[in-house]
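Okay, so here's the structure we're looking at.
Nothing in this text is a laboratory measurement; each read-out follows from the coordinates by a stated rule. The structure displayed is predicted, hence computed values, not measured ones. Note: ideal-geometry Cβ built from the backbone for every residue, glycine included; neighbour counts use all protein chains shown.
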Amino acid sequence: MVNEKYLNIFKETGALLEGHFILASGRHSATYFQCAKVLQYPKHLTNFAETIINYFKEIEIEAVISPAVGGIVIGTEVGRQLGVKTIFAERQNGKMTLRRGFSIKDGEKIFLVEDVVTTGGSVKEVMKVVETHGGEVVGVGLVVDRSGGSVYLHKNQFAVTSQTTVSYAPDEIPEDLKQIPIEIPGSRRLK
């Protein structure tokens, strides 16, 4: 019932798209969660951030990090509500890195926040960035887990909504999906 409630929010805000999409993971899908479209509304942004924070209220968090670009909005709101430093990792030459003068202290307890995952590749890359800089990832908070809970990222992991959505490897695309023009709405290919 809770997942249906959140799915309806995505539908009502036009944030659940239908078509033929290439996801950040490189997989193809007939559905796409455009979190930016739902997070543009302060009531949903606030609600999703509060839901994530409430799940992790027993964990000490010193800073929040998100992968750019998708996770920045929800990560910033989570950091704002917690009253902690909020940073993001971004791609440089295809590799996730800290830029813009951001830093992580040795032993700093970092909470990783992302908008949507399918395979969790970007989250895993940011976790490596945190560890490389001496920080400790204490939890992973997500708005949407497209894997239906099958992607394991961290022992302290929570998604506001977990949806089982079908995605296909490039060599597995069904004929009906192949007939729909491809859209690449994510931010991974931004220059």
Enumerate the amide H contacts of His20 below 5 Å, restricted to partners 5 or more residues apart or on another chain; note that Pro and chain-start residues carry no placed amide H. Glu183
Mind checking the angle between helix 72-82 and the chain's longest principal axis? C-alpha axes, 0 to 90 degrees, to the nearest 10. 40 degrees
Of Lys5/Lys85; Lys37/Lys95; Lys5/Lys109; Lys95/Lys124, which pairs sit farther than 21 Å apart, going by alpha carbon to alpha carbon? Lys5/Lys85; Lys37/Lys95; Lys5/Lys109
Give the range of the longest stretch in the chain that excludes all GluC sites (Glu not before Pro) found in loop regions by DSSP and having at most 16 other beta-carbon atoms within 10 Å. 61-171
Karplus ³J(HN,Hα) for the range 7-21 (6.51 cos²θ - 1.76 cosθ + 1.60, θ = phi - 60°; Hz, whole; x = Gly/Pro) runs 4, 5, 4, 5, 5, 4, 8, x, 8, 9, 9, 10, x, 10, 10
Cα centroid of the range 128-191 to Cα centroid of the range 1-67, whole Å: 11 Å
Taking amide H positions as placed 1.01 Å from N in the peptide plane, with prolines and chain starts having none, which residues 5 or more places from Ala159, or on another chain, fall under 5 Å of its amide H? Leu142
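Restricting to DSSP loop positions (anything but H, G, I, E, B) with no more than 12 other Cβ atoms inside 10 Å of their own Cβ, which trypsin sites (Lys or Arg not before Pro) remain in the range 132-182?
Working: sites: Arg146, Lys155, Lys178; in loops: Arg146, Lys155.
Hits after loop and neighbour filter: Lys155.
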Please state, rounded to one decimal and in Å, the Kirkwood hydrodynamic radius that the chain gives when every pair of distinct Cα atoms enters the mean of 1/r. 16.9 Å
Would you please name the trypsin sites (Lys or Arg not before Pro) within the range 15-101 that are DSSP coil residues with at most 10 other C-beta atoms within 10 Å of their C-beta? Lys57, Arg100
